[in-house]
Amino acid sequence: MMVWAVIFGMGLLIFLNRYVFLEPRLPVRLSSNARQFLGFAVPGMLTAICGPIIFFPEQQLNLDYANPYLLSSLVAIGLVLSTRNTLLSMLLSMVVFYLLRWWL
């Protein structure tokens with residue numbers, strides 16, 4: 001029973017948090033400084049999620065040339081910078097990752 005209360009409570013909290021900023025009739029507006037600050041949230045969160053996966057694939061630092069996580073992330077960065085197409089970059093870097101996992 002307590003688990004369901006927590007799940008519904010968190011769902012309600014997240015809904016209200018999103019609703020305040022997405023409802024155009026509410027007079028809540030962020031300053032330009034706050035919007036600029038929040039612009040760094042997504043790259044920071046992605047770095048916090050992906051960094052340990054890339055650099056610590058087996059719970060220890062692995063900067064070896066045979067680390068498929070590191071190599072495919074470098075390929076993904078290169079593809080994003082060269083193509084500017086997120087979907088194509090993601091698909092091609094996944095192919096490279098699975099080929100490297102098979103080959104290495």
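Got a sec? What order do SER89, SER73 fall in by accessible area at 1.4 Å, biggest, i.e. largest, first?
So, going from the largest accessible area down, we get SER73, SER89.
If I model a spin label as a point 7 Å beyond the Cα along the Cα-Cβ vector, how far apart are those points for ALA41 and ALA66 in nm?
4.3
Using a 1.4 Å probe on the protein chains only, how many percent of the accessible area of the chain belongs to carbon and sulfur?
Within the chain, the accessible surface is 73 percent carbon and sulfur.
List the equivalent ellipsoid semi-axes of region 1-42 in whole Å, largest first, each obtained as the square root of 5λ for an eigenvalue λ of the Cα gyration tensor.
28, 15, 6
Does the chain come out rounded, prolate or oblate, given a ≥ b ≥ c as the square roots of the eigenvalues of its C-alpha gyration tensor, rounded meaning a/c under 1.5 and, failing that, prolate meaning a/b above b/c?
The shape class here is prolate.
Show me the helices of the chain, taken as full DSSP H stretches, that run 24 Å or more along their long axis by Cα and average -1.0 or above in Kyte-Doolittle hydropathy.
Once both thresholds are applied, what remains is 2-22, 86-103.
What list of ³J(HN,Hα) values in whole Hz, one per residue of region 29-39 in order, does the Karplus curve 6.51 cos²θ - 1.76 cosθ + 1.60 (θ = phi - 60°) give from phi, with Gly and Pro shown as x?
3J(HN,Hα) across region 29-39, in whole Hz: 10, 8, 6, 5, 5, 5, 5, 5, 4, 5, x.
Would you work out the charge dipole size for the chain about its Cα centre, treating the Cβ of every Lys and Arg as +1 and the Cβ of every Asp and Glu as -1, and quote it to the nearest 20 debye?
Roughly 460 debye for the chain.
What FRET efficiency do you get for TYR98 and ARG25 if R0 is 41 Å and r is their Cβ-Cβ distance, rounded to the nearest 0.05?
Calculated value: 0.30.
The values are calculated or read from the model by the stated rules, or taken from the named source; none is laboratory data. As the structure is a computational prediction, the values presented were derived from the model and not from experiment. So basically every Cβ, Gly included, is an ideal-geometry build from the backbone, and we count neighbours across all protein chains shown. In case anyone asks, the SASA skips ligands and DNA or RNA and just uses the protein heavy atoms, side chains included. Shrake-Rupley method; radii C 1.70, N 1.55, O 1.52, S 1.80 Å.
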